[in-house]
Amino acid sequence: MGQPRGAFGALTTVRVTAIASLTPLEELEADPFLVDSRSQHAMCARWAAERGYVIARELLVGGLRFDHCALWDGVRPGVDVFVAPSLRVLRRALSSVEEFTAECARRGVRVETVGRAEPAYDAQMKARVHRRLSMPTAGYDGR
């Protein structure tokens with residue numbers, strides 16, 4: 001699909017809403033990628049940059065209804081795209097992927113998944129995620 005064009009034929013910037021799953025820190029050992037929203041958003045940002053798209057919003061949600069206003073605030077048909085790292089992230093982020101994709105189709109908005117392999121987490125990577133998420137008010141930035 002090419003870049004969308006505006007009313008006068010000029011190219012319109014494709015705006016991307018990146019969706020990451022809000023997963024409790026307690027699940028870090030069992031499923032670190034679902035807990036690591038920073039890596040999820042980074043994966044979406046790389047996907048968008050490779051296509052010349054712009055990240056307009058980053059959502060961090062868990063079990064959100066398909067019709068929630070946080071999803072649709074300012075979304076433009078034919079211009080905006082929702083992206084998530086994978087279908088399993090979408091399943092955690094939204095209450096119903098099926099209802100969400102149907103609503104996207106009804107509104108003329110694409111929904112995509114990055115479809116790349118998730119990073120493999122070693123103990124050090126898990127520890128960084130844990131520190132970043134457990135000490136957000138202490139000024140720790142995760143490095």
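The values are calculated or read from the model by the stated rules, or taken from the named source; none is laboratory data. Note that this is a predicted model, so its numbers are computed, not measured. All Cβ positions, glycine included, derive from the backbone under ideal geometry; neighbour counts span all protein chains shown. Just so you know, the surface numbers come from the protein's heavy atoms only, side chains and all, with ligands and any DNA or RNA stripped out. Shrake-Rupley method; radii C 1.70, N 1.55, O 1.52, S 1.80 Å.
Exactly one residue out of 115, 78 is at pLDDT below 95 and either in contact with a His (Cβ under 7 Å, 6 or more places away or on another chain) or under 19 Å from residue 13 (Cα atoms) (or both), and it is 78. Of the candidates 81, 114, 14, the single residue that is β-branched (Val, Ile, Thr) and under 30 Å from residue 134 (Cβ atoms) is 114. Of all residues in the stretch 1-21, those satisfying the criterion of being of a type in the set (A, V, I, L, M, F, W, C) and modelled with pLDDT of 95 or more are 16, 18, 19, 20. Scanning the stretch 111-132 for residues being in contact with a strand residue (DSSP E or B) (Cβ under 7 Å, 6 or more places away or on another chain) and either in a loop (DSSP other than H, G, I, E, B) or touching a residue at least 40 places away in the same chain (Cβ under 8 Å) (or both) gives a total of 2.
Could you tell me whether residue 118 is open to solvent by 40 Å² or more (accessible area, probe 1.4 Å) and closer than 11 Å to residue 18 by Cα? The answer is no for residue 118. If you go through the stretch 49-69 one residue at a time, do you hit one that is without any contact (Cβ under 8 Å) to a residue 24 or more places away in the chain and over 16 Å from residue 113 (Cα atoms)? Yes, the stretch 49-69 has at least one match. Please go through the stretch 79-105 and pick out each residue that is out of contact with any strand residue (DSSP E or B) (no Cβ under 8 Å at 6 or more places or on another chain), under 26 Å from residue 32 (Cα atoms) and open to solvent by less than 60 Å² (accessible area, probe 1.4 Å). Matches in the stretch 79-105: 96, 97.
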